[in-house]
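Please treat every number below as a calculation from the coordinates, not as lab data. These figures come from a predicted structure and were not determined experimentally. Using ideal geometry, Cβ is built from the backbone for each residue, glycine included, and neighbour counts are taken over all protein chains shown.
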DNA sequence: AATGAATGAGAATTCATTCAT
DNA sequence: AATGAATGAATTCTCATTCAT
């Protein structure tokens with residue numbers, strides 16, 4: 001039930017990851033723990049569902065931006081993706097924090113499931129489509145490095161609110177970073 | 001006592017973050033919990049101490065590399081720092097994972113203490129010294145973005161061991177990323 | 001509804017006593033929990049119904065065997081009853097295990113209801129009918145001891161499958177035990 | 001700690017098996033749950049410890065009785081063992097009930113550990129020592145059947161307090177049962 | 001200073017039972 | 001009569017922290 005997922009995000013963002021206990025989520029969702037367990041077999045299932053939702057949102061967004069750009073890799077496209085991603089992250093920073101943290105905790109068997117790896121695969125295929133405009137690069141590594149860079153910077157920006165950096169600056173610099181690296185501009 | 005810190009790292013890297021309980025650390029260190037609490041008032045104090053030690057190592061390393069390079073910002077310098085950083089991370093990936101994770105959990109009052117922010121400050125001053133060779137940039141943002149990018153990529157690389165990326169590739173791509181962004185090469 | 005009782009036995013024997021939850025029984029029976037509660041006011045009511053069914057089967061079987069033997073107490077009769085009982089137990093060992101366990105849990109007020117006590121009463125009346133052929137005994141105690149002995153041995157045999165004992169051996173030894181005790185042969 | 005084991009028995013006998021929760025045992029023992037878990041890694045460990053203690057008591061008792069009898073198998077010996085066993089059972093009927101119940105729940109891997117099987121082995125070796133006086137029997141089956149019979153009758157007697165049976169009668173009949181079966185008297 | 005037994009709040013999870021539809 | 005989502009008390013187990021020795 002999406003009420004439970006929404007409650008989980010709310011708890012995550014307002015009270016922190018430690019507060020995301022099954023009881024607290026149930027309480028905030030306005031249901032009993034029992035009900036929560038009817039929908040999610042265990043605590044992790046909630047995070048998995050959240051991950052799937054976010055993964056879909058991010059993927060959809062990237063596809064939309066790329067389609068609007070006509071499939072051409074340009075600084076403009078990178079900037080659009082980064083802007084949209086910032087919106088996605090801002091909607092639930094703590095969720096993305098948890099997703100990132102859990103991604104790094106992933107065990108071999110679950111590896112393919114991790115948010116990280118799924119997104120990197122999507123980015124990799126975008127880079128392949130970008131074609132001639134891009135500098136020649138090891139696609140695996142480039143997709144990996146670009147994703148980690150953007151994700152980490154955005155996340156740390158939202159959670160730490162470092163002095164001297166605001167939304168516009170962050171988008172500018174991340175766009176510059178990615179464009180310089182991938183396109184050479 | 002550094003025996004306790006070493007034990008903490010050992011537990012962290014061999015048994016995972018969840019296993020780093022105060023009792024387990026004490027056990028591995030060969031002391032009693034009571035003794036551990038004599039040196040570290042609470043669990044977090046251990047992490048703080050670990051953070052300080054890592055911070056010092058990283059800072060020292062960067063200074064050394066920069067001095068050896070004669071204070072000039074060049075791709076070669078970026079690559080050296082990245083290579084050295086990889087060594088530091090590889091020595092205790094799980095420690096750096098925890099440091100990263102905890103850094104993002106930081107509350108306002110402790111903000112200045114976080115590993116992240118301290119390192120960004122150091123990097124910022126390096127960028128200032130780099131002088132004319134560098135593209136003009138918002139220093140705060142540039143230091144921030146560069147640090148987060150390198151740190152996240154390195155950490156994810158060590159913990160996730162993504163397919164298609166090895167040490168050399170990672171160093172190459174991170175160097176390219178940073179150089180293209182800061183120097184334009 | 002006997003579909004529910006059959007489901008309960010199936011669950012009991014295939015999945016164990018712990019798995020016999022009301023939901024699981026309902027599921028296996030192909031009805032909803034709600035429906036189950038329409039027929040059985042609470043979980044225990046299912047066990048009571050099961051007990052009644054088993055009690056009737058055992059009683060009927062014993063009567064049939066005794067009638068076929070012409071009402072005379074002989075080793076041959078004891079053996080027949082034991083053989084038939086083994087069949088009954090083998091059809092649903094876990095059920096009989098639960099019945100035995102629950103019988104021992106019985107509270108004062110429900111005492112008369114317990115499978116144990118009901119069966120012992122039936123056996124007692126068989127012994128009375130046996131007449132002159134039997135050694136003189138305290139009938140209450142004899143019925144009690146004989147029943148407990150046969151039941152426990154059979155149950156443990158089916159559930160533990162002890163080394164060195166098979167169907168034939170068990171029937172032989174139990175027959176010898178009972179005959180020696182009651183008839184002196 | 002034996003205070004915990006004693007508390008477990010007290011709870012078992014006064015409040016029933018269901019009441020034997022870790023918290024309740026800790027409470028009755030006058031310690032915290034945490035302390036309980038320091039001594040017993042999990043709930044079952046308590047039962048295992050109890051089992052070991054009872055096993056040792058029963059074994060010691062049987063050896064003592066047999067030694068006193070000079071190693072000869074006679075009705076008198078059987079009666080003594082039965083009398084002593086009744087004392088042991090009476091001291092904690094609910095404990096023996098649980099031990100019996102758990103014995104039947106035993107899985108393959110733990111089989112050898114079960115109270116039942118351990119005791120049967122001991123009895124088997126007593127029967128071997130009994131020598132010429134005994135009727136020829138399949139030792140495995142005889143030990144098994146005798147143990148189950150005595151145990152079940154005694155337990156049901158203590159827990160159900162069946163009408164028409166008292167201590168003396170029970171001992172008489174069980175002695176008669178065992179003697180008739182094993183010795184032919 | 002060192003010890004480590006004791007603490008107990010708190011977390012995840014289960015399941016008999018109810019009741020509105 | 002049937003349904004099955006919702007309930008929530010109860011249970012097991014963990015671990016940071018304390019304190020008497």
Tilt relative to chain D, helix D:43-68 - C-alpha long axis, 0 to 90 degrees, to 10: 30
Cα centroid separation - segment A:129-169 against segment A:1-47, whole Å: 31
Cα-based Rg and Dmax for the protein assembly as shown, where Dmax is the largest Cα-Cα distance (Å): 37.5, 121
Highest-fluctuation residue, A:31, A:81, A:146 considered, GNM on chain A with Cα pairs under 10 Å: A:31
Nearest beta-carbon to the D/B symmetry axis - residue in chain D, distance in Å: D:34, 4
Mean Cα-pair separation over length for chain D, i.e. relative contact order, pairs under 8 Å, 6 or more apart, %: 23
Förster radius 35 Å - calculated FRET efficiency between residue B:38 and residue A:45, Cβ distance, rounded to 0.05: 0.25
Residue among C:86, C:129, C:47 with the largest mean-square fluctuation in a Gaussian network model of chain C, springs linking Cα atoms under 10 Å: C:129
Exam field: residue C:32 pseudo-label spacings to other copies (7 Å along Cα-Cβ), nanometres: 1.7, 4.6, 6.1
Inter-label distance, nm, simple model (7 Å from Cα along the C-beta direction), residue B:19/residue D:76: 6.3
Nearest-ten-degree value, helix B:2-15 long axis tilted from longest Cα axis of chain B: 80
At R0 = 56 Å, FRET efficiency that the Cβ-Cβ distance of residue D:87 and residue B:53 yields, to 0.05: 0.30
Stokes-Einstein translational diffusion, segment A:1-41 - Kirkwood Rh over all Cα pairs, 1.567 mPa s, 4 °C, in µm²/s: 134
Three-way shape call for chain D based on the alpha-carbon gyration tensor, with the a/c threshold at 1.5: prolate
Length-normalised contact order for segment D:1-41 - Cα pairs under 8 Å, 6+ apart - percent: 38
Residue with peak Gaussian network fluctuation, chain A [Cα springs, cutoff 10 Å], from A:172, A:44, A:18: A:18
